[in-house]
Amino acid sequence: MRVNEIFYSLQGEGHYTGTPAVFLRLSGCNMKCPFCDTQHTSFTEMTEEEIASHVSRFPARHIVITGGEPTMQLNAKLTALLHNEGFFIQIETNGSLPLQDGVSLDWITCSPKDAPIAIQRIDELKVLFMNQDMSQYDGIQAKEYRLQPLDSGNEKENAENLQQTINYILEHPKWNLSLQTHKIINVQ
Ligand code: SF4
């Protein structure tokens, strides 16, 4: 498998915010979002066994598999090995690809991009708010709905984005605010 990076930190966003977690970033993505700020193209080839052994050296048993787009590579062999090591497996996906047969996950966080949803299940729908037409998410079923202000990299714009996100949530209380707390507390 093509692995971009493995690191240990706190989950910064969404339902498991604050949870110590091993992050496995798989290389490559099927989308080209103009606002993408994730460096995921470089990679090291690792077998599923090597990945499971490497991530098991960390003390936590929560793993976040992200990308890029993790469903491009994620397979049943890796999720079985991780479950054998006692991991709770969360993925962060754009939801545009189906999971491969036999892939077993404990929590699916989906941030849809400009493509139809193809993933079989969503636990947490996490939408970046940029004043878009929100009716496009009406038919998407999830356990939790989170709205996160877009980080434009500009302090003034970010303050406006945050206020617009809060205003939207107050008018549409199905949504909850999601903040990128890892940026606030300055961890990876
Ligand atoms: S789906 Fe995510 S990783 Fe892929 S290009 Fe878009 S923002 Fe970047």
Next item on the list: Test each condition in (1) assigned to a helix (DSSP H, G or I); (2) at pLDDT 95 or above; (3) within 16 Å of the ligand (Cβ to nearest atom); (4) not polar (S, T, N, Q) for Tyr168 and report the one that comes out false.
Entry: (3)
Notebook entry, point to check: Can Glu50 be described as acidic (Asp, Glu) and within 16 Å of the ligand (Cβ to nearest atom)?
Noted result: no
Check: Considering only residues of the stretch 18-39 that are near the ligand (Cβ under 7 Å from one of its atoms) and within 14 Å of the chain's Cα centre (by Cα), which is nearest to Gly95 (Cα to Cα)?
Finding: Cys29
Checklist line | Failed condition for Ser96, given (1) more than 14 Å from the ligand (Cβ to nearest atom); (2) of a type in the set (Ser, Thr, Tyr); (3) buried (at least 16 other Cβ atoms within 10 Å of the Cβ) | finding: (1)
Checklist line | Residue check for Asn186: over 15 Å from the mean Cα position of the chain (by Cα) and assigned to a helix (DSSP H, G or I) | finding: no
Checklist line | the stretch 76-102, residues that are touching a residue at least 60 places away in the same chain (Cβ under 8 Å) and among the small types (Gly, Ala, Ser) | finding: Ser96
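The values are calculated or read from the model by the stated rules, or taken from the named source; none is laboratory data. What you are looking at is a predicted structure, and each value in this text was computed from that prediction instead of being measured. Counting neighbours? That spans all protein chains shown, and the Cβs are built from the backbone with ideal geometry, glycine included.
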